[in-house]
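Reading through the structure tokens given below for one structure.
The values are calculated or read from the model by the stated rules, or taken from the named source; none is laboratory data. Bear in mind the structure is a predicted one, so any value in this text is a computation, not a measurement. Heads up, the Cβs are rebuilt from the backbone with ideal geometry, glycines too, and the neighbour counts pull from every protein chain shown.
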């Protein structure tokens, strides 16, 4: 039996696997390869769509040996084959209703729809959307809002300042009860996907599938922000980087180095010693 057999590490991307400048940390890759060579399973659980994941990490298939949970649990994506293993879609009519509900209340809100191909938007002059178009490497496409009803959307995300998003979050919960799973993935980014679907729900299904096949996996989940809390709570061992928010640190079993130093490498080193 290999050293890390029956151990799976699932890592968030932003603020966790990626550095503060959204780059791959070489130390992480070195230790992940060692982990896989010795029987371990490694993959990602991210809010990003698969198209963005493969754009940002073109060599991920060299060291990811299990399908990735993308779009906050809406999709299980096989990086090696470039195909969706499992996927869920939102109710587009409900997304349209949600946007219409908030447009007049909060004119500063930026809206993004997530598809297989990337992100769609209808507000080219919204400061948050404009900044992303200018600086982000994710695939983005302008699509008039009147045409969104023809799209197959995984989820809707909302962008604004932190105070505005806290208000929007409360109003979403009141106006659309049991419609969305809602969480912040950054101070200015609010995630919404169908109620009950999350990184945690997809990972729970993965663990259950292993059990049905007669194999029990010990799951180490690594994350840093609010949209990771449910995933961390269901993991066998919850791990966070030193830069994680306080609410995440409080529920974690291990708090290791920051994302710039290489928290995944730190975790594998820890497993190697114990």
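Of everything listed in (1) assigned to a helix (DSSP H, G or I); (2) modelled with pLDDT of 95 or more; (3) touching a strand residue (DSSP E or B) at 6+ places or on another chain (Cβ under 9 Å), the single unmet condition for residue 158 is (1).
Among the conditions (1) in contact (Cβ under 8 Å) with a residue 12 or more places away in the chain; (2) assigned to a helix (DSSP H, G or I); (3) more than 21 Å from residue 48 (Cβ to Cβ), residue 166 misses just one, which is (1).
Of the residues that make up the stretch 177-185, is at least one out of contact with any strand residue (DSSP E or B) (no Cβ under 8 Å at 6 or more places or on another chain), in contact (Cβ under 8 Å) with a residue 12 or more places away in the chain and either in the same structural domain as residue 109 (by TED's automatic domain parsing) or under 30 Å from residue 108 (Cα atoms) (or both)? Scanning the stretch 177-185 turns up at least one residue that is out of contact with any strand residue (DSSP E or B) (no Cβ under 8 Å at 6 or more places or on another chain), in contact (Cβ under 8 Å) with a residue 12 or more places away in the chain and either in the same structural domain as residue 109 (by TED's automatic domain parsing) or under 30 Å from residue 108 (Cα atoms) (or both). Answer with yes or no whether residue 188 is touching a residue at least 24 places away in the same chain (Cβ under 8 Å), loosely packed, with under 14 Cβ neighbours inside 10 Å and either over 16 Å from the mean Cα position of the chain (by Cα) or under 30 Å from residue 262 (Cβ atoms) (or both). Considered against the rule, which asks whether it is touching a residue at least 24 places away in the same chain (Cβ under 8 Å), loosely packed, with under 14 Cβ neighbours inside 10 Å and either over 16 Å from the mean Cα position of the chain (by Cα) or under 30 Å from residue 262 (Cβ atoms) (or both), residue 188 comes out as no. Of all residues in the stretch 73-93, those being surrounded by 15 or more Cβ atoms within 10 Å (Cβ to Cβ), outside any loop (DSSP other than H, G, I, E, B) and more than 16 Å from the chain's Cα centre (by Cα) number 1. On the stretch given as the stretch 49-58, residues that are part of a loop (DSSP other than H, G, I, E, B), in contact (Cβ under 8 Å) with a residue 12 or more places away in the chain and surrounded by fewer than 24 Cβ atoms within 10 Å (Cβ to Cβ) total 1. The residues of the stretch 125-143 that are within 23 Å of residue 50 (Cα to Cα), without any contact (Cβ under 8 Å) to a residue 60 or more places away in the chain and outside any helix (DSSP H, G or I), listed by number, are 136, 140, 141, 142, 143.
Scanning the stretch 249-266 for residues that are within 17 Å of residue 14 (Cα to Cα) and crowded, with 23+ Cβ neighbours inside 10 Å yields 259, 262, 263, 264.
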